[in-house]
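**Q** First the structure, which I've put down as structure tokens, then a few questions once you've had a look.
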Amino acid sequence: MTNLRKEAKGRDCQVRMPGICNFNPETTVLAHYRMAGTCGTGIKPHDAQAAHACSSCHDEIDRRTRYVDEQTARLFHAEGVFRTQELLRREGKL
């Protein structure tokens, strides 16, 4: 099985928050989308439920920065998850 966390390294950010994204693939990590029923305290969701996110978008997703409201950050993150899943699906890795 493909290690999706390792696959994120060096990839383009798929979250792409305007005015926040640094577009630097060297900072890209797998950012998990937290949703009730798929994770819990100290338990991350499955790696397929995550987006390739640059360090700036990841900081916003995890609310270490707060340049946009939480609902907006979650929407961009969810769209990034879908883009990441499609990218990995086309590559036969998901």
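The values are calculated or read from the model by the stated rules, or taken from the named source; none is laboratory data. Just so we're clear, the structure is a prediction, and the values are computed from it rather than from any experiment. In this analysis, Cβ positions are derived from the backbone assuming ideal geometry, glycine residues included, and neighbour counts consider all displayed protein chains. Side chains are part of the model used for accessible areas, which takes the heavy atoms of the whole protein and leaves out ligands, DNA and RNA. Shrake-Rupley method; radii C 1.70, N 1.55, O 1.52, S 1.80 Å.
**Q** Within segment 61-94, count every residue that is assigned to a loop (DSSP other than H, G, I, E, B) and under 15 Å from THR28 (Cβ atoms).
**A** 1
**Q** So in segment 40-82, with the set limited to residues that are hydroxyl-bearing (Ser, Thr, Tyr) and touching a helix residue (DSSP H, G or I) at 6+ places or on another chain (Cβ under 8 Å), which one is most open to solvent (accessible area, probe 1.4 Å)?
**A** That would be TYR67.
**Q** Just to verify a result, which residue in segment 1-39, among those that are part of a strand (DSSP E or B) and surrounded by 13 or more Cβ atoms within 10 Å (Cβ to Cβ), is modelled with the lowest pLDDT?
**A** CYS39
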